[in-house]
Amino acid sequence: MNPELGVCYYPEHWPEEMWAEDAALMVETGLTWVRIGEFAWTRMEPTLGDLQFDWLDRAVDVLGTAGLKVVLGTPTATPPRWMLEKHPDMLAIDAQGQPRKFGSRRHYCFSHQGYIEECARIARIMGERYGRNAHVAAWQIDNEYGCHDTTVSFSQPALRAFRRWLADHYGTVDVLNEAWGNVFWSMEYDSFEQIDLPNLTVTEPNPAHVLAFRRFSSDQVVAFNKAQVDVLRPLTDASLLHNYMGRILDFDHFQVGEDLDIATWDSYPIGFLSDRLEADDAHKTAFLRQGDPDMQAFHHDLYRAVGRGRWWVMEQQPGPVNWAPYNPAPLPGMVRLWSLEAVAHGAEVVNFFRWRQAPFAQEQMHAGLLTPNNKPAPALAEACQTASDLAELGAVTQTQTDVAILFDYASDWAWTSQPQGAGFNYFRLVFSAYRALRRAGLSVDFISTTNEPLAGYKLILAPGLATLDGHLEKSLTENCNLAILGPRSGAITHDFQIPGSGRPGLSGLDCEVDLVETLPPNVRRDVDGGGSAQHWVDRLSGEAADLLTYSDGTAALKGEEGLWYLSGFPDEELWDRVITMAALKVGLDLYPVPTGLRRRETEQHVFLINYNATPVVWSGHKIAPCDVLILDKDTAKKG
Ligand code: GAL
């Protein structure tokens, strides 16, 4: 697979006379893909039924004739204003009962059947017109499900659909009452029609009720996406894809991904560091203009799993964005570094967002490859440089890694329904495990609880995995040399009850959780020999060996052959110790790297990626600031 570059373009924002010149410059820059159309509904259909596709025909033609492959977006993330006249109840409703109004984007409720039909209608019109167009090589459905907190809606259509969903899942209301434990606080229902959405309650709603609602909300996203997939499939042979976001866990991406051909995501490293990552000030300052060294790779690896091996960056940050609290500019070299890093993790395509900075509306302060008055922005030269790097690099092939993390969206829904401690968060815990593996220089795969075989890994980590069923336990213990669970793994049943068998309920491990405590940020439980647990501590008992103990003698890590359980949320030092112990046990080579340097192996290469603003020397190689050193495997082995 030879990776390629592309760009996001909005022909409807620019006079038609500019299109051919833009297309020629894209090609000259070394770009081969262009994404268009995903917000252009009012230009495709200015009023209901008035179809205006001539301009889009010409845009596709100009771009395609210049040699670019087109990704065509369905415009369903931006319903036109007239849509609301037709479907006044289509807006999502927030937890306070207020409508999420027109005037930006993503103003729809995933449960509104009328709107879903409108989406299928526009997808059909587009599919019939462009499905066999030789220039249209892929389709993006909608744009960033869940972005701007839009998965969950407390609307009347959502309420009706939720009641149907509950009836389908539980059959009778007595079964539901039992499963949710509704005897508590006299919450028992007589019929599904009495069950409301879990908002605006006096104090916290039943976590089982919330978790069911979160599962339902995720299913609505899957169904919404599938409605357009079903329309487009027969009309085109081009790949269908969606662009996911960073740290949005509100719907099951693995399930959406099953209906699509390729997973893509939108990577904004500097924006993410500032607005969605827990890190101390020193870290945020050191990587202010580079982004966190693990955040992008985490999502690259996760979405490689969601796409069953096939994934792209659909939008790559090119300069300052407009939406974070502070919006610094990338250091020189970073746009190239992010792009090459994506390639190292298997990206087939990296598209920059966007071609030319818009001079109007919400994103007028968001950089592009060109300035609003059509001069090159700094990222243009880096895009050009990256294109020639890729031409030189040739094929990049991914191989299965030795280490995997089991990732489960429903665990996040469970733990946000009942955090128990303010510092405990599923993403945060899994990300801390990922960081530790990367500090050890390891390449990491993600696997889901359902749709991937677990075989062939030396080590699998499953931190915070809410529910453990027999099937999953069997695959964990039989298909890898060592699985490490905990903290808070196997802690609840599907319906949010404490398992009757005791937890974590692993038949292969004589270990039980007797008590749970959560801790404020300034309190830690020290582990003998170094490191500590923070935020969350499971107090463990049982016959399994104590592999690590806290300073009071209680178990910090218990284990039997092939299965370990970690009691607390480890700090960096404790994670490093656990990974080192595990590596020793399963015969895994570690390549510890210094802060800000990351390492990724492919079949042909070892990529050394330096997020630091200073040079780094590692294993006999000097890597310049914000640079990527690509070694071929044989050289790396000798090095
Ligand atoms: C993405 C979105 C784009 C644009 C971009 C700005 O989330 O898909 O349309 O808004 O952010 O950074």
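The values are calculated or read from the model by the stated rules, or taken from the named source; none is laboratory data. Small disclaimer: the values here were computed from a predicted structure and weren't measured. Positions of Cβ are backbone-derived with ideal geometry, glycine not excepted, and every protein chain shown enters the neighbour counts. Surface accessibility is based on the protein's heavy atoms, side chains included, excluding ligands, DNA and RNA. Shrake-Rupley method; radii C 1.70, N 1.55, O 1.52, S 1.80 Å.
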Considering only residues of region 129-169 that are of a type in the set (Asp, Glu) and within 16 Å of the ligand (Cβ to nearest atom), which is farthest from Ser217 (Cα to Cα)? Asp142
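Consider Trp41 carefully, then state whether it is within 16 Å of the ligand (Cβ to nearest atom) and at pLDDT 95 or above.
Values: within 16 Å of the ligand (Cβ to nearest atom): yes; at pLDDT 95 or above: yes.
Criteria met by Trp41.
Only one residue in Leu540, Leu519, Leu506 is modelled with pLDDT under 95, of a type in the set (A, V, I, L, M, F, W, C) and surrounded by 18 or more Cβ atoms within 10 Å (Cβ to Cβ). Which one?
Numbers: Leu540 fails: modelled with pLDDT under 95; Leu519 fails: modelled with pLDDT under 95.
Sole residue among the options that is modelled with pLDDT under 95, of a type in the set (A, V, I, L, M, F, W, C) and surrounded by 18 or more Cβ atoms within 10 Å (Cβ to Cβ): Leu506.
Out of all the residues in region 319-342, which are hydrophobic (A, V, I, L, M, F, W, C) and within 12 Å of the ligand (Cβ to nearest atom)?
Initially, region 319-342 is screened for residues hydrophobic (A, V, I, L, M, F, W, C), giving 321, 323-324, 329, 331, 334-335, 337-338, 340, 342.
Once the filter is applied, which keeps residues that are hydrophobic (A, V, I, L, M, F, W, C) and within 12 Å of the ligand (Cβ to nearest atom), region 319-342 yields Val321, Trp323, Ala324.
Any idea which of Val229, Val321 is β-branched (Val, Ile, Thr), assigned to a loop (DSSP other than H, G, I, E, B) and assigned by TED's automatic domain parsing to the domain that holds His366? Don't jump to the end; show me each part of the working.
Details: Val229 fails: assigned to a loop (DSSP other than H, G, I, E, B).
Exactly one of Val229, Val321 is β-branched (Val, Ile, Thr), assigned to a loop (DSSP other than H, G, I, E, B) and assigned by TED's automatic domain parsing to the domain that holds His366, namely Val321.
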Determine, yes or no, whether Ile630 is under 25 Å from Asp280 (Cα atoms), crowded, with 17+ Cβ neighbours inside 10 Å and of a type in the set (A, V, I, L, M, F, W, C). no
Considering each of Asp54, Asp61, Asp22, Asp50 in turn, give the residue that is away from the ligand (no atom under 16 Å from the Cβ), among the acidic types (Asp, Glu) and in contact with a His (Cβ under 9 Å, 6 or more places away or on another chain). Asp61
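Which of the residues that make up region 200-222 are without any contact (Cβ under 8 Å) to a residue 12 or more places away in the chain and either aliphatic (A, V, I, L, M) or in contact with a helix residue (DSSP H, G or I) (Cβ under 6 Å, 6 or more places away or on another chain) (or both)? First the steps, then the outcome.
The initial filter retains those residues of region 200-222 that are without any contact (Cβ under 8 Å) to a residue 12 or more places away in the chain, namely 201-205.
If the condition is that a residue be without any contact (Cβ under 8 Å) to a residue 12 or more places away in the chain and either aliphatic (A, V, I, L, M) or in contact with a helix residue (DSSP H, G or I) (Cβ under 6 Å, 6 or more places away or on another chain) (or both), then Val202 is the only one that fits.
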Here are some residues: Gln316, Gln364. Which one is within 13 Å of the ligand (Cβ to nearest atom) and buried (at least 24 other Cβ atoms within 10 Å of the Cβ)? Gln316
What number of residues within region 343-359 are away from the ligand (no atom under 11 Å from the Cβ), in contact with a helix residue (DSSP H, G or I) (Cβ under 8 Å, 6 or more places away or on another chain) and farther than 18 Å from Ala381 by Cα? 4
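So is Pro75 touching a His at 6+ places or on another chain (Cβ under 8 Å) and within 16 Å of the ligand (Cβ to nearest atom) or not?
It is false that Pro75 is touching a His at 6+ places or on another chain (Cβ under 8 Å) and within 16 Å of the ligand (Cβ to nearest atom).
Considering each of Phe102, Phe110 in turn, give the residue that is free of Cβ contacts under 8 Å to residues at least 24 places away in the same chain and not in a helix (DSSP H, G or I).
Values: Phe110 fails: free of Cβ contacts under 8 Å to residues at least 24 places away in the same chain.
Result of the check over Phe102, Phe110: Phe102.
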Quick check on region 106-119. Is at least one of its residues in contact with a strand residue (DSSP E or B) (Cβ under 7 Å, 6 or more places away or on another chain) and within 16 Å of the ligand (Cβ to nearest atom)? no
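Results for (1) touching a residue at least 40 places away in the same chain (Cβ under 8 Å); (2) outside the structural domain of Tyr115 (by TED's automatic domain parsing); (3) part of a helix (DSSP H, G or I), shown as yes or no for each residue.
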{"position": "Leu159", "(1), (2), (3)": "no, yes, yes"}
{"position": "Arg163", "(1), (2), (3)": "no, yes, yes"}
{"position": "Ala167", "(1), (2), (3)": "no, yes, yes"}
{"position": "Val175", "(1), (2), (3)": "no, yes, yes"}
{"position": "Ala179", "(1), (2), (3)": "yes, yes, yes"}
{"position": "Tyr189", "(1), (2), (3)": "no, yes, no"}
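Can you tell me which residue is nearest to the chain's Cα centre (by Cα) among those in region 380-410 that are in a helix (DSSP H, G or I) and aliphatic (A, V, I, L, M)? Show your work before the answer.
Of region 380-410, the ones in a helix (DSSP H, G or I) are 380-393, 409-410.
Restricting the remaining residues to those that are aliphatic (A, V, I, L, M) gives 380-381, 383, 387, 390-391, 393, 410.
Working: Leu380: 27, Ala381: 29, Ala383: 24, Ala387: 26, Leu390: 25, Ala391: 29, Leu393: 27, Ala410: 14 Å.
Restricting to residues being in a helix (DSSP H, G or I) and aliphatic (A, V, I, L, M), the top hit is Ala410.
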Return yes or no: is Thr397 away from the ligand (no atom under 16 Å from the Cβ), surrounded by fewer than 19 Cβ atoms within 10 Å (Cβ to Cβ) and hydroxyl-bearing (Ser, Thr, Tyr)? yes
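Picking from Gly309, Gly271, which residue would you name as being assigned by TED's automatic domain parsing to the domain that holds Thr386, within 13 Å of the ligand (Cβ to nearest atom) and not acidic (Asp, Glu)? First the steps, then the outcome.
On the way: Gly309 fails: within 13 Å of the ligand (Cβ to nearest atom).
Criteria check complete, one pass: Gly271.
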Determine whether Gln228 is at pLDDT 95 or above, crowded, with 20+ Cβ neighbours inside 10 Å, away from the ligand (no atom under 16 Å from the Cβ) and farther than 23 Å from Glu572 by Cβ. yes
Residue pairs within 7 Å by beta carbon, gap of at least six or interchain, first lying in region 347-358 and free of Cβ contacts under 8 Å to residues at least 60 places away in the same chain, second open to solvent by less than 10 Å² (accessible area, probe 1.4 Å) and not in a strand (DSSP E or B), listed first then second, are Gln357/His366; Gln357/Gly368
Which ones in region 402-424 are polar (S, T, N, Q), surrounded by fewer than 19 Cβ atoms within 10 Å (Cβ to Cβ) and under 28 Å from Ala582 (Cβ atoms)? Gln420
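Do you know which residues across region 161-204 are of a type in the set (Val, Ile, Thr) and buried (at least 18 other Cβ atoms within 10 Å of the Cβ)?
Filtering region 161-204 for residues of a type in the set (Val, Ile, Thr) gives 172-173, 175, 183, 195, 201-203.
Answer for region 161-204, where residues must be of a type in the set (Val, Ile, Thr) and buried (at least 18 other Cβ atoms within 10 Å of the Cβ): Val173, Ile195.
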Within region 138-153, does at least one residue satisfy the condition of being over 28 Å from Lys101 (Cβ atoms), outside any loop (DSSP other than H, G, I, E, B), touching a strand residue (DSSP E or B) at 6+ places or on another chain (Cβ under 8 Å) and open to solvent by less than 10 Å² (accessible area, probe 1.4 Å)? yes
I'd like the full set of residues that are part of a helix (DSSP H, G or I), touching a helix residue (DSSP H, G or I) at 6+ places or on another chain (Cβ under 8 Å) and either over 28 Å from Gly505 (Cβ atoms) or modelled with pLDDT under 95 (or both), limited to region 565-613. Glu572, Asp576
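What number of residues within region 324-344 satisfy the criterion of being closer than 18 Å to Trp355 by Cα, free of Cβ contacts under 8 Å to residues at least 60 places away in the same chain and either open to solvent by 30 Å² or more (accessible area, probe 1.4 Å) or among the basic types (Lys, Arg) (or both)?
Looking only at region 324-344, we keep the residues that are closer than 18 Å to Trp355 by Cα, and these are 329-330, 334-336, 338-339.
Next, from what is left, pick out any that are free of Cβ contacts under 8 Å to residues at least 60 places away in the same chain: 329, 335.
Subsequent filtering for residues that are either open to solvent by 30 Å² or more (accessible area, probe 1.4 Å) or among the basic types (Lys, Arg) (or both) retains 329.
Number satisfying all stated conditions: 1.
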